[in-house]
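Where a number appears in this text, it was derived from the coordinates with a stated rule and is not lab data. Since the structure is predicted, the reported quantities are computational estimates derived from the model, not experimental observations. Positions of Cβ are backbone-derived with ideal geometry, glycine not excepted, and every protein chain shown enters the neighbour counts.
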Amino acid sequence: MTQRQILLPDHIDYLIVNHSLAITEMSAGVKRFADSDHEVKIGLDVRLGFPELIGSEDSLLALLSQSSNHSPDSFTLKGMARTEQDGSQLYFDLFVRTDFPNIDNLLIFLAEVTDRMMLEQTLVQSSNETQILLTALANSRDYVDKIITSMADALLVTDTSGAIKKVNPAAQNMFGYSEAELINQSISFLITDIEVLHQIGQCAVLTKAELCRDLEVICLTKAGKRLTVYFSCAFAGDAPEQDLIYIGRDISDRKKAEVKLQESESLYRDLFEDAIELMFEHASDLIQWSRADGRLVYVNRAWQETLGYSDPEIATLSWHDIIHPNCQQHFQQIFASVLEGEKLDQIVVELVSKSGEKVWVEGNISCKFTPETGQPASVIAIFRDITARLIAEAELRQQKAQSERLLLNILPESIAAQLKQYNSNLQPNTEAIAENFADVSVLFADIVGFTAIAASLSPIALVNLLNQIFSTFDRLTEKHGLEKIKTIGDAYMVVGGMPTLRDDHAEAIADMALDMQTAIAEFNHVTQMNLKIRIGIHSGSVVAGVIGIKKFIYDLWGDTVNIASRLESHGIPGQTQVSAATYHKLQMLYQLQERGMIQVKDRGEMLTYLLLGKK
Amino acid sequence: MSTISKKICLVGDFGVGKTSLIRRFVDRQFSDQYLSTVGVKISRKTVELGEVRQQEKLDLQMLIWDVEGSTKFKSIAPTYLQGAKGAIIVADVTRLETIDRIAEHIEFFLSINPTGYAIAALNKSDLIEAEKLADLIQTVQTQQFQRFKDPQRVIAVCATSAKIGTSVDQIFLSLAAKMVELA
């Protein structure tokens, strides 16, 4: 094969390939067009560097065969793109011809067309973008047209002079004119209110506000019917010569309905007020009717008489003005649950009258709801004045408490409770209330030589003297948590460990005895007298109870009581004598001294001790 | 293991997402920016087809031709489609006119390559609701393809989204599998 040099312009390179598409010759610059330049070598398949040729083998081989005159004599691929390493695009056209006269070879020309293609890209890009935009615009216009056509509201567009430019089917329907009859007509053709049109005109001239205003105007249809139309007017766009858009809804029916509703409402109100006059006005209950916000609408005569407000004052009053401060919080809860639909019965509320007096009322509060919306409409309360009843009840309670206090003076609380129960059962108290206590301490105290003192004093002075001493003892029993049983003449009897059980009853009684002795010493010091008491204490079991049905007295029986009494009567003036049983309970904490054996009636000899003080 | 090469073309109206589908499939990338393609750009991607011919694994080098979209003024050059064994016909679900032209593009492709296979991709499917999409697929399948003599040349109608990747690999791979079957 003779070596040739094909002379070509700079932007064109070439390749020569044989019938098996292997490269046999190429120009120096051809590699710049290759997809992978290292695969463009003499002897290698041209398709490695130029994959565009894959799939085109048949077309290429057809060029070589030249079997028929109809075979094409060239093959062209235009605008092939390569991305360079720096990311820029390189474009080339590829032409294939037979390498005449070397009939077995194909000559492939590669011409760089980057500039042309870049220009084309810019052109195509802007053309395509415009096309896409136009399509989108057309779609959105179709969409808007569809909305305007199908909307239930009437739409009219006018220019600033009021000439109609566009109407939708709903508008034609509403006014009864065809589109042709309305276009270019003045809007005053439909809207008869000159004043309103003037206002809109002003608006158009003076303001650039997007929304002009909402109007309710009377319009005239082709058939001469008057319609109340609610229009919202707006400017279309920002141009100085703006179009006005009217969107209107026929509210004639609604208007009529409103008027009817108002009429029927007032009728209903009249009827209702009459009914109130008849039914409520003379009722003895307090009736008040308020709005859901608490403002009073109606009160009856009984209410007015009880609370003392006049008609003009009532009109300014709200629920919370008539609720007593003590009750405000409670009432707010009540009111809230009423508004939630709860009907409250037998609610007690403290009201306050005009003069500031507290008025207790009891009754029911309920709320009426608007049927359409379900919103609370009014709150109705029917109350009974229970102030007098409450006062009477309070007095009764006070009396009861008083009598209970009295009862407790003579009976221990637990016994009093049992007695009351018997009485409330309305059964005759046939059975004595008696209870056995296994371990108590009983104390007897007696004023020594009282008979001699009694003889030297008047009876009144004597009672006063005893009252002073025994009152002091009474206070001491309370201090030590003991139960006074009774006084017998100048003797004082007290018990520890019952009716409420306690383990330290002996100690409490011992403290009581010591305090009693001290009290007498103080009494002597103050009165310059020389009184002495003997005290006897014994611990053991007793039976306690109430006997009889009149002048109840709570008393103790048993040996323990007798022995305590004996210990007192056989005691030493100014001293406290205790039995061995009591001594065993006290010896750890108290100073005691053995007195020796004494003779006790019905008992024989007993070992006794004298209580000296605390350790 | 053997490697074979097959040429496929992406065909459709301008701006439907041909370049984006290729970019998603080859580079796993996506850009929202519209850059119209001029001329033609070839990408290569080798896929392994194990299940098609069970006796051997096969690597298929796909030569994917991103062909300039057709416009009112410029139709697709037939030389670009020559020798393609498969074509992905792409349309934009938000532009119904591009869907209307799917059949036209398929006919054109099959007229040049009567033994080729085509698959229709309804692209940008992420932009419309699923229900509407199902309707569109139904319409394309029933109405558009009744006119072909050889309906099995159209192997599927798929909703795709180059943006989120829906069914992108699927259309390329099912086309690849079909082309290898025929070889």
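The table below lists the values:
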item: Distance in nm between pseudo-label sites at residue A:519 and residue A:452 (7 Å out along the Cβ direction from Cα); result: 2.4
item: Residue A:504 paired with residue A:8, simple spin-label distance in nm, labels 7 Å along Cα-to-beta-carbon; result: 12.6
item: Packing-based exposure ordering (other Cβ within 10 Å, fewest first) of A:158, A:83, A:24; result: A:83, A:24, A:158
item: Cα gyration tensor shape of region A:461-592, rounded if a/c is under 1.5, else prolate or oblate by comparing a/b with b/c; result: oblate
item: Karplus (6.51, -1.76, 1.60) ³J(HN,Hα), θ = phi - 60°, over region A:572-581, in Hz, Gly and Pro reported as x; result: 10, x, x, 10, 10, 9, 10, 7, 4, 4
item: Rounded to 10°, Cα long-axis angle of helix A:114-150 versus longest principal axis of chain A; result: 50
item: Separation of the residue A:74 and residue A:318 label points, Cα + 7 Å toward Cβ, nm; result: 9.7
item: Violating pairs (Cα-Cα greater than 24 angstrom) within the set B:7/B:178; B:18/B:72; B:18/B:57; A:78/B:18; result: B:18/B:57
item: For region A:12-112, radius of gyration divided by Kirkwood radius, i.e. Rg to Rh on alpha-carbons; result: 0.97
item: Two-decimal Rg to Rh for chain A - Kirkwood Rh, Cα set; result: 1.52
item: Linear extension gain, residue A:145 paired with residue A:414, 0.36 nm per residue minus alpha-carbon span; result: 87.3 nm
item: Whether chain B is rounded, prolate or oblate, judged on the alpha carbon gyration tensor where a/c under 1.5 counts as rounded; result: rounded
item: Candidates per trypsin sites (Lys or Arg not before Pro) in region A:339-396, loop by DSSP, up to 12 other Cβ within 10 Å; result: A:343
item: Helix axis angle, A:387-410 relative to chain A longest principal axis, alpha carbon, degrees; result: 40
item: All lysines inside 25 Å of residue A:255 as judged from Cα atoms, apart from same-chain residues fewer than 8 positions distant; result: A:222, A:225
item: Under 11 Å, Cβ to Cβ, from residue B:90 - net charge with Lys/Arg +1 and Asp/Glu -1; result: 0
item: The protein assembly as shown - charge dipole about Cα centre, Lys and Arg +1 at Cβ, Asp and Glu -1, debye rounded to 20; result: 1260
item: Sorted by Cβ neighbour density within 10 Å, fewest at the top, the residues A:174, A:512; result: A:174, A:512
item: 0 to 90° range, to nearest 10: angle between helix B:168-182 axis and chain B longest Cα axis; result: 50
item: DSSP bridge orientation in the protein assembly as shown - percent antiparallel, rounded to nearest 5; result: 80
item: Sparse-neighbourhood loop sites, chymotrypsin sites (Phe, Trp or Tyr not before Pro) in region B:55-151 - DSSP loop, at most 10 other Cβ within 10 angstrom; result: B:73
item: Dipole axis of the protein assembly as shown (+1 Lys, Arg; -1 Asp, Glu on Cβ), positive-most option in A:449, A:352, A:402; result: A:449
item: Pairs of lysine residues in region A:485-615 - Cα separation under 20 Å, sequence separation of 8 or more or cross-chain; result: 5
item: Cβ-derived FRET efficiency at R0 56 Å, residue A:256 paired with residue B:141, nearest 0.05; result: 0.50
